[in-house]
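Reading through the structure tokens given below for one structure.
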Amino acid sequence: MKNPTMNRRHWLKLAGLVGASLGAGAITNLLAPPRAARAADYKALVCVFLYGGNDGLNTIVPTDATRYGQYAAVRQGLALPQASLVGLGSSGYGLHPSLAALAPAWNEGRLAPVFNVGPLFQPTTKAQFRAAPASSDIVPDNLFSHSDQQLLWESGSTDALTRTGWGGRAADTLATVNPVISVGGNGRFGLSARSAPLVLPEPGATFGAYELGNDAWRLQYAPLVARAAALRALYQQTQDNDLAEAYAAMQRDAFTMSDRLAALIKIKPGQPGSVPEIDNAFAGLIANGDVAAGLPRQLYQVAKLIAGNATVQGNRQIFFAQLGGFDTHGNQIGGSVLVGTHATLLKQVGDALAAFHNAMKALGLADAVTAFTQSDFGRTFLPNNSSGTDHAWGNQHLVLGGAVRGGLTYGSYPTLQLGGPDDVGVESWERQGRWLPTTSVDQYAATLLSWFGATDTQLDAVLPNLRNFGSARRLGFL
């Protein structure tokens with residue numbers, strides 16, 4: 001029998017209640033019915049977005065005498081001492097000393113630096129860029145703008161009006177069981193035409209309607225328990241029109257997801273149900289029964305979800321994590337190379353990624369999981385007058401995992417010359433070392449998604465600009 005009470009007033013009240021009880025991330029997802037996981041074929045991609053624009057030139061520094069001399073001459077007070085760099089074998093490069101925790105991954109051949117990556121419509125020379133009008137397709141929208149360049153990286157586009165993310169489009173195209181799972185907020189990266197990312201809280205937090213049915217909550221929060229039970233019963237009824245039925249189905253899925261994942265999400269280190277291999281890998285980042293806030297806590301949650309794939313379900317999963325604060329216009333370096341805003345942020349990145357990779361190794365899943373960085377843009381080669389750097393374009397990134405063809409570098413490190421072939425500036429005032437990318441976000445993403453299982457046809461659907469790069473579609477680091 002149709003439900004005559006599902007009128008507009010009830011609609012609004014129920015929407016408000018479910019939004020409050022399940023959380024914004026949960027109710028926005030139309031999840032497919034659970035299917036059995038195929039653990040033998042499991043793969044996961046983990047995007048780590050560094051918001052604010054990470055200074056890639058101090059993240060990965062050339063160590064040969066000629067280029068290090070060029071670097072130090074321009075960077076001056078921001079230059080990292082050559083002896084402080086974490087050497088990457090015979091590659092001719094070194095990592096910022098705050099990333100020392102990643103040295104073992106390089107030595108294992110599981111870490112790959114990728115140079116001078118950024119949004120590009122097609123391969124572009126400096127002459128072509130300088131000659132093109134601002135409205136040209138080959139000039140990405142609103143270069144050097146935080147919000148716009150974040151969107152271009154997350155969307156895999158050069159058009160700031162693109163409303164979906166390349167992670168979300170990949171999840172749709174590959175028909176993953178779940179949408180992108182975010183432990184770092186509701187960014188554009190996981191948005192698709194059909195679903196939003198599933199936004200999860202940190203370890204120890206209550207997710208959705210979890211615990212509303214247990215005895216303790218029945219006594220303390222009886223009204224909420226009663227309302228949740230009423231909603232569950234209501235959404236099981238057949239609705240009187242297609243829109244109402246679609247909405248009810250979405251709420252059923254939200255309750256189902258809450259029932260399925262909440263207990264796993266809530267587990268903290270050392271608690272019943274925690275995974276010893278993960279706790280041991282993150283041990284240096286755990287104090288008083290909790291993981292250090294920020295990226296370590298997010299990646300600990302991702303590690304639990306990967307280990308608990310039988311509960312999460314699906315043999316392909318994309319995750320999103322993030323760390324902010326990289327807009328280092330001033331005081332980028334403190335009294336030593338290990339002090340200052342940038343050093344502190346990179347230590348969090350290096351320690352968290354190393355712990356995560358070690359957890360995957362201990363679980364025997366390293367070959368099935370690849371983590372990679374993204375960021376708004378790189379920063380100027382030339383420091384500013386505030387002991388910091390300003391907004392630029394091409395940037396250096398890191399890829400980490402058991403399937404990575406490490407021990408090598410990928411892409412072309414920019415020519416360290418102000419006003420040179422890779423610097424988009426010509427006039428003296430604009431020669432600041434804003435690098436014209438030589439590798440596109442599309443090529444970077446295509447390499448990751450090819451390993452993930454995407455065909456060439458699927459890659460073209462997810463990354464529309466990829467076809468502009470001819471046969472150079474993949475970078476080879478996986």
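Structure data summary
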{"read-out": "Residue count for the stretch 131-142, restricted to those that are surrounded by fewer than 14 Cβ atoms within 10 Å (Cβ to Cβ) and either of a type in the set (A, V, I, L, M, F, W, C) or farther than 25 Å from Arg473 by Cα (or both)", "value": "4"}
{"read-out": "Odd one out for Gly187, checked against (1) modelled with pLDDT under 95; (2) surrounded by fewer than 21 Cβ atoms within 10 Å (Cβ to Cβ)", "value": "(2)"}
{"read-out": "Output for the stretch 305-320, where each listed residue is part of a loop (DSSP other than H, G, I, E, B) and either hydrophobic (A, V, I, L, M, F, W, C) or in contact (Cβ under 8 Å) with a residue 60 or more places away in the chain (or both)", "value": "Gln313, Gly314, Asn315"}
{"read-out": "Residues of the stretch 80-104 satisfying the condition of being in contact (Cβ under 8 Å) with a residue 12 or more places away in the chain and either in a loop (DSSP other than H, G, I, E, B) or within 26 Å of Arg473 (Cβ to Cβ) (or both)", "value": "Leu80, Pro81, Leu85, Leu88, Gly89, Ser91, Gly92, Tyr93, His96"}
{"read-out": "Leu57 being in contact (Cβ under 8 Å) with a residue 24 or more places away in the chain, surrounded by 19 or more Cβ atoms within 10 Å (Cβ to Cβ), in a loop (DSSP other than H, G, I, E, B) and within 26 Å of the chain's Cα centre (by Cα)", "value": "yes"}
{"read-out": "Wholly within the stretch 197-304, helices (runs of 4 or more DSSP H) carrying at least 3 residues that are modelled with pLDDT of 80 or more", "value": "222-236, 242-266, 276-281"}
{"read-out": "Residues satisfying the stated conditions in the stretch 283-320, i.e. under 25 Å from Leu50 (Cβ atoms) and of a type in the set (Ser, Thr, Tyr)", "value": "Tyr300"}
{"read-out": "Close pairs from the stretch 227-255: first touching a residue at least 40 places away in the same chain (Cβ under 8 Å), partner assigned to a helix (DSSP H, G or I) and of a type in the set (Asp, Glu), Cβ under 8 Å, at least 6 apart", "value": "Thr238/Glu245; Gln239/Glu245"}
{"read-out": "Given (1) crowded, with 22+ Cβ neighbours inside 10 Å; (2) farther than 17 Å from Glu202 by Cβ; (3) hydroxyl-bearing (Ser, Thr, Tyr), index of the condition Tyr300 fails", "value": "(2)"}
{"read-out": "Qualifying residue in the stretch 417-436 (condition: of a type outside the set (Lys, Arg) and in contact with a His (Cβ under 8 Å, 6 or more places away or on another chain))", "value": "no"}
{"read-out": "Candidate set from the stretch 43-54 (those that are within 28 Å of Asn309 (Cα to Cα) and either modelled with pLDDT under 95 or not small (Gly, Ala, Ser) (or both)); member that is farthest from the chain's Cα centre (by Cα)", "value": "Lys43"}
{"read-out": "Per-region count, the stretch 379-411, residues in contact (Cβ under 8 Å) with a residue 24 or more places away in the chain and not in a strand (DSSP E or B)", "value": "22"}
{"read-out": "Qualifying residue in the stretch 173-189 (condition: more than 15 Å from Ala321 (Cα to Cα) and assigned to a helix (DSSP H, G or I))", "value": "yes"}
{"read-out": "Lone unmet requirement of (1) within 17 Å of Val61 (Cβ to Cβ); (2) in a strand (DSSP E or B); (3) not aromatic (Phe, Trp, Tyr) for Gln374", "value": "(1)"}
{"read-out": "Residues of the stretch 321-349 that turn out to be assigned to a helix (DSSP H, G or I) and either touching a strand residue (DSSP E or B) at 6+ places or on another chain (Cβ under 7 Å) or over 15 Å from Gly378 (Cα atoms) (or both), as a count", "value": "7"}
{"read-out": "Total residues in the stretch 143-163, condition hydroxyl-bearing (Ser, Thr, Tyr) and surrounded by 21 or more Cβ atoms within 10 Å (Cβ to Cβ)", "value": "3"}
{"read-out": "Residue in the stretch 241-263 that is surrounded by fewer than 19 Cβ atoms within 10 Å (Cβ to Cβ) and touching a strand residue (DSSP E or B) at 6+ places or on another chain (Cβ under 9 Å) present", "value": "no"}
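The values are calculated or read from the model by the stated rules, or taken from the named source; none is laboratory data. Bear in mind the structure is a predicted one, so any value in this text is a computation, not a measurement. Methodologically, a virtual Cβ is constructed for each residue, glycine included, from the backbone with ideal geometry; neighbour enumeration extends over all protein chains shown.
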